[in-house]
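Novice: Before I ask anything, here is the structure I am working with.
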Amino acid sequence: MAEVIKPLLLDKLVSDLSGHIAGALVNIDGQQVVYPIYNTIVSGLSVRKYIYITETQAVGKQLLGAALLDVDGNILADQPLTVTKNDKGFLIAFEFVLRLEASAGDV
């Protein structure tokens, strides 16, 4: 069977997925705080987005969750957390792995 999905389409889909994520919202002791995306790593069909919490005012507070946002502030993905922030930075990671199936045949 011939290869239906070409590598260029996969590259475009991964880039599009990554491009929709504009920022993050972190729940710190019940308060929603907006953070920028600290780093993005695209490797093959995997997109990883990182949020880095450095604020010293968050020390000793509970990190209760994080969400990724689009440019309009819509939540695209979220994950619960239960972590007490210490005096060091804290890195939150989201990973997406694109899986795509297609078939070509006579209808």
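The values are calculated or read from the model by the stated rules, or taken from the named source; none is laboratory data. Quick caveat, the model's predicted, so the values are computed rather than measured. Cβ placement follows ideal geometry from the backbone for every residue including glycine, while neighbour counts extend to all protein chains displayed. The area values use the complete protein model at the heavy-atom level, side chains included, leaving out ligands, DNA and RNA. Shrake-Rupley method; radii C 1.70, N 1.55, O 1.52, S 1.80 Å.
Novice: Could you count how many residues in the range 51-80 are loosely packed, with under 15 Cβ neighbours inside 10 Å, in a strand (DSSP E or B) and among the polar types (S, T, N, Q)?
Specialist: Adding up the residues that qualify gives 1.
Novice: Continuing with the same structure: Within the range 3-17, restricting attention to residues that are open to solvent by 80 Å² or more (accessible area, probe 1.4 Å) and not in a helix (DSSP H, G or I), which residue is nearest to L76 (Cα to Cα)?
Specialist: K6
Novice: Pull out all pairs, ordered by first then second residue, where Cβ-Cβ is under 6 Å, the residues are six or more apart or on different chains, the first lies in the range 61-84 and is free of Cβ contacts under 8 Å to residues at least 24 places away in the same chain, and the second is surrounded by fewer than 15 Cβ atoms within 10 Å (Cβ to Cβ).
Specialist: Once the first residue is free of Cβ contacts under 8 Å to residues at least 24 places away in the same chain and sits in the range 61-84, no partner that is surrounded by fewer than 15 Cβ atoms within 10 Å (Cβ to Cβ) comes close enough.
Novice: Any residue in the range 18-38 that's more than 16 Å from T82 (Cβ to Cβ) and free of Cβ contacts under 8 Å to residues at least 24 places away in the same chain: show its pairings with residues that are surrounded by fewer than 17 Cβ atoms within 10 Å (Cβ to Cβ) and of a type in the set (S, T, Y) at Cβ separation under 6 Å, as long as the two are six or more apart or on different chains.
Specialist: Here the result reads none, with nothing in the range 18-38 linked to a residue that is surrounded by fewer than 17 Cβ atoms within 10 Å (Cβ to Cβ) and of a type in the set (S, T, Y).
Novice: Next question. Select from the range 39-50 the residues that are in contact with a helix residue (DSSP H, G or I) (Cβ under 7 Å, 6 or more places away or on another chain) and part of a strand (DSSP E or B) and write down the one among them that is most open to solvent (accessible area, probe 1.4 Å).
Specialist: V42
Novice: Take V83 and decide whether it is in a strand (DSSP E or B), more than 14 Å from the chain's Cα centre (by Cα) and surrounded by 12 or more Cβ atoms within 10 Å (Cβ to Cβ).
Specialist: So V83 fits the description; yes.
Novice: Could you list, in sequence order, the residues of the range 86-104 that are part of a loop (DSSP other than H, G, I, E, B) and within 30 Å of Q62 (Cβ to Cβ)?
Specialist: N86, D87, K88, G89
Novice: Residue by residue through the range 18-35, note down the ones that are outside any strand (DSSP E or B), at pLDDT below 95 and buried (at least 16 other Cβ atoms within 10 Å of the Cβ).
Specialist: Selection gives S18 alone.
Novice: Residue by residue through the range 17-42, note down the ones that are among the polar types (S, T, N, Q) and within 14 Å of the chain's Cα centre (by Cα).
Specialist: Across the range 17-42, the qualifying residues are S18, N39, T40.
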